[in-house]
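The structure appears right after this line, and notes come after that.
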Amino acid sequence: MLETKDLTIRFGGHVAVDRVSCSFQPGQLTAIVGPNGAGKTTYFNLISGQLPATSGEVWLDGENLSRLSAPLRTRKGLGRAFQLTQLFPHLTVLENVRLAVQAREQLGLRLWSVWRSHQAVIDEAMALLERVRLQVRAQEAAASLPHGDQRKLEVAVLMALKPKVYLFDEPTAGMSVDEVPVVLDLIRELKREGSSTLLLVEHKMDVVRELADRIVVLHQGALVADGMPEEVMASSVVQQAYLGVAA
């Protein structure tokens, strides 16, 4: 479903992502791991269009997205959750999700119409808030939520878009131990549904081992390992590049 071909970006003389070719299938959760500075988030930025590639291509369902902007890639089915939350802070929790539902349905200029009449949209938004356990905070401003609840709200917004591909960039970052299971359960649920492709950047290796069907390892911008979790974690290249174990 999703494929990158020789994807590369250079910042001056530094190659942050170096000719990464990889394909990702529906129903599969792939963890992208590597040491700090390995190029994981930059790779996500290239896929989703936040950064223009120096060279290489991004394909989705046989269509080349490489020249499309980030919003157009979202329309094509790429959904991105960031390390830092990307919300409308002064809108309510419900309005954040409602706008995502309306954007997916391409309601256009009706976006700011008398939206209380759009009961089906509101019902869908509330159902998503129930899934992330935020229904009781639906009328609060997004900015008033604690960090963990903002992360859950961002996942609800992403789910409202119904993307073909979910790109989760450290979805549990900054969350308390009590808050983490809610987000992980949602990711498990998306994985069980089997219709979407899931990519996960995550530093918590216990989370990676539990969720991942496959692990891709980046080191100094290059793909150095790709395979089943137990095989990849046991490989010498990962022991050296990721875990810092001497050869």
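Descriptive notes on the structure:
- Counting the residues of the range 50-71 that are open to solvent by less than 40 Å² (accessible area, probe 1.4 Å) and either in contact with a Pro (Cβ under 6 Å, 6 or more places away or on another chain) or at pLDDT below 95 (or both) gives 1.
- Restricted to the range 170-185, and to residues there that are in contact with a Leu (Cβ under 8 Å, 6 or more places away or on another chain) and open to solvent by less than 10 Å² (accessible area, probe 1.4 Å), the residue that is farthest from Phe24 (Cα to Cα) is Thr172.
- Lone qualifier among Gln102, Gln86, Gln106, Gln119 - being more than 30 Å from Gln239 (Cα to Cα), of a type outside the set (A, V, I, L, M, F, W, C), crowded, with 19+ Cβ neighbours inside 10 Å and at pLDDT below 90: Gln102
- Looking only at residues in the range 59-81 that are out of contact with any Gly (no Cβ under 8 Å at 6 or more places or on another chain) and in a strand (DSSP E or B), the one that is farthest from Lys162 (Cα to Cα) is Asn64.
- Being buried (at least 17 other Cβ atoms within 10 Å of the Cβ), more than 28 Å from Leu211 (Cα to Cα) and β-branched (Val, Ile, Thr) is a property that Ile9 has.
- Unmet criterion (only one of (1) of a type in the set (Ser, Thr, Tyr); (2) in contact with a Leu (Cβ under 9 Å, 6 or more places away or on another chain); (3) more than 20 Å from Ser23 (Cα to Cα); (4) modelled with pLDDT of 85 or more) for Thr74: (3)
- From the list Glu210, Glu193, Glu202, the one residue that fits, being open to solvent by 10 Å² or more (accessible area, probe 1.4 Å), among the acidic types (Asp, Glu) and under 28 Å from Val101 (Cβ atoms), is Glu193.
- Among residues of the range 195-210 that are part of a helix (DSSP H, G or I), those with a beta-carbon under 8 Å from a residue that is of a type in the set (S, T, N, Q) and open to solvent by less than 70 Å² (accessible area, probe 1.4 Å) at least six positions away or on a different chain give the pairs Val207/Thr172.
- Listed by first and then second residue, the pairs with beta-carbon distance under 7 Å, at least 6 apart or on different chains, first residue in the range 226-239 and assigned to a helix (DSSP H, G or I), second surrounded by fewer than 15 Cβ atoms within 10 Å (Cβ to Cβ), are Pro229/Arg209; Ser236/Ala247; Gln239/Val245.
- For the range 204-228, the set of residues classified as over 19 Å from Val20 (Cβ atoms) and at pLDDT below 90 consists of Lys204, Met205, Asp206, Val207, Arg209, Glu210, listed by residue number.
- Test result for Ala31, open to solvent by less than 30 Å² (accessible area, probe 1.4 Å), in contact with an Asp or Glu (Cβ under 8 Å, 6 or more places away or on another chain) and in a strand (DSSP E or B): yes
- Annotation for the range 132-152: no member residue is among the hydrophobic types (A, V, I, L, M, F, W, C), more than 29 Å from Arg10 (Cβ to Cβ), open to solvent by 30 Å² or more (accessible area, probe 1.4 Å) and part of a loop (DSSP other than H, G, I, E, B).
The values are calculated or read from the model by the stated rules, or taken from the named source; none is laboratory data. Just so you know, these numbers come straight off a predicted model, no measurement behind them. Using ideal geometry, Cβ is built from the backbone for each residue, glycine included, and neighbour counts are taken over all protein chains shown. Keep in mind that these areas ignore ligands, DNA and RNA; they rest on the heavy atoms of the full protein, side chains included. Shrake-Rupley method; radii C 1.70, N 1.55, O 1.52, S 1.80 Å.
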